[in-house]
1. Being surrounded by 15 or more Cβ atoms within 10 Å (Cβ to Cβ) and out of contact with any Gly (no Cβ under 9 Å at 6 or more places or on another chain) is the filter here, so list the residues in region 153-162 that pass it.
2. State all residues of region 146-170 that are within 23 Å of G126 (Cβ to Cβ) and not in a helix (DSSP H, G or I); if no residue qualifies, say none.
3. For region 89-113, which residues satisfy the criterion of being within 24 Å of A141 (Cβ to Cβ) and modelled with pLDDT under 75?
4. Take Q86 and tell me if it is surrounded by fewer than 16 Cβ atoms within 10 Å (Cβ to Cβ), part of a helix (DSSP H, G or I) and at pLDDT below 85.
5. For residues that are in a loop (DSSP other than H, G, I, E, B) and in contact with a helix residue (DSSP H, G or I) (Cβ under 9 Å, 6 or more places away or on another chain), scanning just region 57-83, find the one that is farthest from H169 (Cα to Cα).
6. Among the residues of region 36-78, what is the count of those that are small (G, A, S) and modelled with pLDDT of 85 or more?
7. Does A143 satisfy the condition of being assigned to a strand (DSSP E or B), of a type in the set (G, A, S) and in contact (Cβ under 8 Å) with a residue 40 or more places away in the chain?
8. Being at pLDDT below 90, assigned by TED's automatic domain parsing to the domain that holds L63, touching a helix residue (DSSP H, G or I) at 6+ places or on another chain (Cβ under 6 Å) and more than 17 Å from T52 (Cα to Cα) is true for just one of F118, F130. Which residue is that?
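The values are calculated or read from the model by the stated rules, or taken from the named source; none is laboratory data. Predicted model only: the values in this text are computed from it and were never measured. Positions of Cβ are backbone-derived with ideal geometry, glycine not excepted, and every protein chain shown enters the neighbour counts.
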Amino acid sequence: MDLHKRTRKRRKAMDKNERRQFVAAILIVCVSVASIMAIELAFRPPAYEFETGVTHPQEISDLLKNGTVVLLFTQDHCADCMKGAQIMADLQSQYNGTNVTFARFNAYDNTTTSLKMFKDYDIRAGIDSFPQVFVIRGDGAVAKFTYKTMDISQIKSAIEDAQNWHQSHPT
């Protein structure tokens, strides 16, 4: 009986030591992963940049006087374009009542304005894929997002940056 109690105490002691080692190993792994993620974030290039020197059609220049402009260029029968349209709808509802103007242009829309916008931006800013989102700040600088980089949080970040720029550079 006495031997049985000692064996049980050893098992409990081993179990406690094993648990401590396991918890220590888990903590080391968590700290390592967090450190690696922090390093990657610190050295990751920005997801977007505002490109200056893009000239805009008069219609867009007029809208820029009111603040930030967000344009979505799409085409019919494009699954990614439907995703882009949903992102734009979400953003438009979030920025309702602010100085952010949203516009959508479809490549197959035969209206004069839509065709003109496509021709202007294809030449001036290079629409090279669909969907494509342009966030335009007050000075006309453009942050472009293609279907590969179209992330609602990044677009929101660009909109916020554009609004902050507009506030610090009143017209």
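1. From region 153-162, those surrounded by 15 or more Cβ atoms within 10 Å (Cβ to Cβ) are 154-159, 161-162; that's our starting set.
Q154, I155, K156, S157, A158, I159, D161, listed by residue number.
2. Selection gives T146, Y147, K148, T149, M150, D151.
3. Listed by number, the list holds a single entry, T113.
4. On the way: surrounded by fewer than 16 Cβ atoms within 10 Å (Cβ to Cβ): yes; part of a helix (DSSP H, G or I): yes; at pLDDT below 85: no.
Against the criterion (surrounded by fewer than 16 Cβ atoms within 10 Å (Cβ to Cβ), part of a helix (DSSP H, G or I) and at pLDDT below 85), Q86 does not qualify.
5. We begin by selecting, within region 57-83, every residue in a loop (DSSP other than H, G, I, E, B); these are 57, 65-67, 75-78.
Add one more test, that the residue is in contact with a helix residue (DSSP H, G or I) (Cβ under 9 Å, 6 or more places away or on another chain), and what stays is 57, 67, 75, 78.
Values: P57: 21, G67: 11, Q75: 35, C78: 38 Å.
Ranking the candidates gives C78 first.
6. Restricting attention to region 36-78, the residues satisfying the condition of being small (G, A, S) are 38, 42, 47, 53, 61, 67.
Pick out the ones that are also modelled with pLDDT of 85 or more and you get 67.
The qualifying residues number 1.
7. Details: assigned to a strand (DSSP E or B): yes; of a type in the set (G, A, S): yes; in contact (Cβ under 8 Å) with a residue 40 or more places away in the chain: yes.
For A143, the condition - assigned to a strand (DSSP E or B), of a type in the set (G, A, S) and in contact (Cβ under 8 Å) with a residue 40 or more places away in the chain - is met.
8. Working: F118 fails: touching a helix residue (DSSP H, G or I) at 6+ places or on another chain (Cβ under 6 Å).
On inspection, the qualifying residue turns out to be F130.
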